[in-house]
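Before I ask anything, here is the structure I am working with.
The values are calculated or read from the model by the stated rules, or taken from the named source; none is laboratory data. Being a predicted model, the structure only gives us computed values, none of them experimental. As a convention, Cβ positions derive from the backbone with ideal geometry for all residues, glycine included, and neighbour counts pool all protein chains shown. All accessible areas refer to the heavy atoms of the entire protein, side chains included, with ligands and DNA or RNA removed. Shrake-Rupley method; radii C 1.70, N 1.55, O 1.52, S 1.80 Å.
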Amino acid sequence: MSVPATVVAYHQRTKHDFHRFAASSGHMDWANQPHPFRYYEGAAATQLELNRELPPVGYDRIYTPNSLNPAPVNPGTLSDFFYYSLALSSWKQAGTSRWALRVNPSSGNLHPTEAYVLLTSVSAREATPELFHYVSETHSLERRASFSNEVWQSLMGDLPNASFLVGLSSIIWREAWKYGERAFRYCQHDMGHAVAALRISAALCGWQLKLVPNWSTDDVAALLGLDRKHDLIAEEQEEPEALAVVIPTTVDGTQAVMLSPPTKTMIDTIQSATWYGCANRLSREHVAWPVINEVTIATEMPRNAASEPNPGGFHQWPQEKLSRSDADARQTVYQRRSCLALDGSSEATLDVFLRMLGRTLPGLHPPWDAVYWPPAVHLVLLVHRVTGLAPGLYALVRDPTKKDLLRNAMRGTFVWETPPDVPEGFPLYLLTKADCRDAARVVSCHQDIAADGFFSLGMIAEFAEPIGRHGPWFYRNLFWEAGMIGQVLYLEAEAAGARSTGIGCYFDDPVHEILGLTGNQFQDLYHFTVGIHVDDSRLQSWPPYSHADR
Ligand SMILES: Cc1cc2nc3c(=O)[nH]c(=O)nc-3n(C[C@H](O)[C@H](O)[C@H](O)COP(=O)(O)O)c2cc1C
């Protein structure tokens, strides 16, 4: 199967290049800037507990499966789950402008990702299964629907007691308002960041979290009420993205979780359940971007797509071989921030560099045990300042069985040597020695942060083959995987006393040109940079929930 024309056309026309940026309105339409938070007006809200005292947890334990005892699922632990994944982490102020930042990052801080949770009673007010929408501004859950116990039973089947579901969607308009046609890509990156953030937060509660591979987009829409068109303004609809199961027990990481897809009768029952509230209006006026609608529809998961969960047969790098960090896990997650500028001089040690890369390698541990597809995204690193490593271009082959595929697709002059002092079997290869600082800056839309850190990188995805094999929906998953790698790098940077930033603005084909890549076999899907940050002293910070400050 080949990549559908709609996906190729969208991807092609939303590339930035030296002389042409992807289409957008070209100016900031401040009058129609989307409201930063979604609410369901008329839905009752339950405030999640703030000021919870939690014991320290070593940062490295995030990446060790089943390393924490499962906490009981209750309003307190649900609060923790969202607090360390999607909550606000700070308010910032510059002059008269004030904006909120969150635990998870987002392109342009626009936060298109919305989260829902379906469980049996968070408030003990009623023992019925209820669907809630998470509101980061107030750290609360809005009740969207009440379902019958039969719906709950048929959904959860034989899953362990107290398991629950998390649903994710994208308000594409939020990103399109600023970024125009490229916005669909950014929504998918943000999804990946959110999935990794939720998986890691679940791990801190001792819980498992797995994306459900076999629910169609329409079925997720029905379950989350996103097909209730009259509850949302047409231009501000939420696109269903994914459903995840949270299991509050230790399980074998290889165990795939297939949730039975809903029957027609169940969908009818869900649709005729009691629903509460209507979505708030985000903007007065909207600009239509038809190609976004086209790629959105083309990449929806059909019913019976029969996506095979990842059997976990890929090569894994033993995480215990990586150097240890002294950081506290929750503190690291909570302080994550994007750098605005890097110092252009500090170096990373080889140990720290390898640990950062090692954490991005797939394995049956958080966050990678959340995904059901085999890894398809590799890293090409522009190394500027790593002690003991020659500056140059390197490749991290995240699935070592793909080394020859990449090697054959890239420039024949690349040397593919294991650098000195890199442990045998660690899939990092020198391609060519070079001072890449100018190239890094230029291909990342002339952004200095790409040149001023320890390293920056491009995420090179296997493209035509896996999309052809899995189906057009896999286009989204490639961005999710890239976003998850980004989330790991954000945390790794913090744990090392450094800072990083996701870079969605980069020149796609000039990167392919540097690497010698032609056609659609591989595509550059995301950039990233890591280094020592320089803070902007003009920015004032305020605590996230000042009424109940932690
Ligand atoms: C997908 C994605 C793309 C981004 N692209 C850029 C970029 O090109 N340049 C940049 O300076 N920051 C970029 N950022 C960083 C965001 O601007 C930042 O996450 C947002 O302002 C929120 O700040 P925080 O990460 O500190 O919470 C990107 C972030 C994400 C998640």
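Among the residues of the stretch 423-438, which ones are in contact with an Asp or Glu (Cβ under 7 Å, 6 or more places away or on another chain) and either within 13 Å of the ligand (Cβ to nearest atom) or closer than 23 Å to S346 by Cβ (or both)?
Listed by number, the list holds a single entry, L430.
Answer with yes or no whether P374 is within 16 Å of the ligand (Cβ to nearest atom) and either hydrophobic (A, V, I, L, M, F, W, C) or within 30 Å of T332 (Cβ to Cβ) (or both).
So P374 fails the test.
Same structure again: Filter the stretch 516-530 for residues that are within 17 Å of Y475 (Cβ to Cβ) and more than 9 Å from the ligand (Cβ to nearest atom); which is surrounded by the fewest Cβ atoms within 10 Å (Cβ to Cβ)?
Filtering first and then ranking leaves G519.
If a residue has to be modelled with pLDDT under 95 and open to solvent by 30 Å² or more (accessible area, probe 1.4 Å) to count, how many in the stretch 309-329 make the cut?
Going through the stretch 309-329 one residue at a time, the tally reaches 11.
Of all residues being among the acidic types (D, E) and buried (at least 18 other Cβ atoms within 10 Å of the Cβ) in the stretch 214-230, which is nearest to S283 (Cα to Cα)? Just the residue, please.
Among them, the one singled out is D227.
Of the residues that sit in the stretch 69-83 and are among the aromatic types (F, W, Y) and in contact with a His (Cβ under 9 Å, 6 or more places away or on another chain), which one is surrounded by the fewest Cβ atoms within 10 Å (Cβ to Cβ)?
Step by step, filter the stretch 69-83, then rank; the result is F82.
Please go through the stretch 516-535 and give me each residue that is aliphatic (A, V, I, L, M) and either farther than 17 Å from V383 by Cβ or assigned to a loop (DSSP other than H, G, I, E, B) (or both), ordered by number.
Of everything in the stretch 516-535, those that are aliphatic (A, V, I, L, M) and either farther than 17 Å from V383 by Cβ or assigned to a loop (DSSP other than H, G, I, E, B) (or both) turn out to be L517, L525, I532, V534.
Which of (1) assigned to a loop (DSSP other than H, G, I, E, B); (2) at pLDDT 95 or above; (3) of a type in the set (A, V, I, L, M, F, W, C) is the odd one out, the single condition V3 does not satisfy?
Only one criterion in (1) assigned to a loop (DSSP other than H, G, I, E, B); (2) at pLDDT 95 or above; (3) of a type in the set (A, V, I, L, M, F, W, C) is unmet by V3, namely (2).
Among the residues of the stretch 343-369, what is the count of those that are open to solvent by less than 10 Å² (accessible area, probe 1.4 Å) and within 16 Å of the ligand (Cβ to nearest atom)?
Of the residues in the stretch 343-369, 2 are open to solvent by less than 10 Å² (accessible area, probe 1.4 Å) and within 16 Å of the ligand (Cβ to nearest atom).
Oh, and also: Hey, can you tell me all the residues within the stretch 352-367 that are of a type in the set (G, A, S) and either in contact with a Lys or Arg (Cβ under 9 Å, 6 or more places away or on another chain) or not in a loop (DSSP other than H, G, I, E, B) (or both)?
Matches in the stretch 352-367: G358 only.
Something else: Conditions: (1) open to solvent by 20 Å² or more (accessible area, probe 1.4 Å); (2) in a loop (DSSP other than H, G, I, E, B). E513 meets all but one. Number of the miss?
(2)
In addition: Taking the condition of being within 26 Å of D343 (Cα to Cα) and part of a helix (DSSP H, G or I), how many residues in the stretch 424-464 meet it?
Of the residues in the stretch 424-464, 10 are within 26 Å of D343 (Cα to Cα) and part of a helix (DSSP H, G or I).
Also, I was wondering about something else. In the stretch 84-108, which residues are hydroxyl-bearing (S, T, Y) and either more than 15 Å from the ligand (Cβ to nearest atom) or exposed (fewer than 15 other Cβ atoms within 10 Å of the Cβ) (or both)?
T96, S97
From the list R441, R499, exactly one residue is without any contact (Cβ under 8 Å) to a residue 12 or more places away in the chain and within 14 Å of the ligand (Cβ to nearest atom). Which is it?
Of R441, R499, the one residue that is without any contact (Cβ under 8 Å) to a residue 12 or more places away in the chain and within 14 Å of the ligand (Cβ to nearest atom) is R441.
Take A202 and tell me if it is farther than 30 Å from D29 by Cβ and under 17 Å from the mean Cα position of the chain (by Cα).
yes
If you check I467 against the conditions, is it part of a helix (DSSP H, G or I), crowded, with 21+ Cβ neighbours inside 10 Å and more than 13 Å from the ligand (Cβ to nearest atom)?
It is true that I467 is part of a helix (DSSP H, G or I), crowded, with 21+ Cβ neighbours inside 10 Å and more than 13 Å from the ligand (Cβ to nearest atom).
Within the bounds of the stretch 112-135, is there any residue that is at pLDDT 95 or above, open to solvent by 30 Å² or more (accessible area, probe 1.4 Å) and not small (G, A, S)?
No: zero hits.
Could you list all residues from the stretch 292-308 that are modelled with pLDDT under 65 and open to solvent by less than 30 Å² (accessible area, probe 1.4 Å)?
Result: S307, single match.
So which helices (runs of 4 or more DSSP H) are wholly in the stretch 179-280 and hold at least 3 residues that are within 16 Å of the ligand (Cβ to nearest atom) and more than 30 Å from F507 (Cβ to Cβ)?
Per the criteria, 183-204.
Quick one: R185 ticks every box in (1) open to solvent by 10 Å² or more (accessible area, probe 1.4 Å); (2) touching a His at 6+ places or on another chain (Cβ under 9 Å); (3) not hydroxyl-bearing (S, T, Y) bar one, so which box is it?
R185 satisfies every listed condition except (1).
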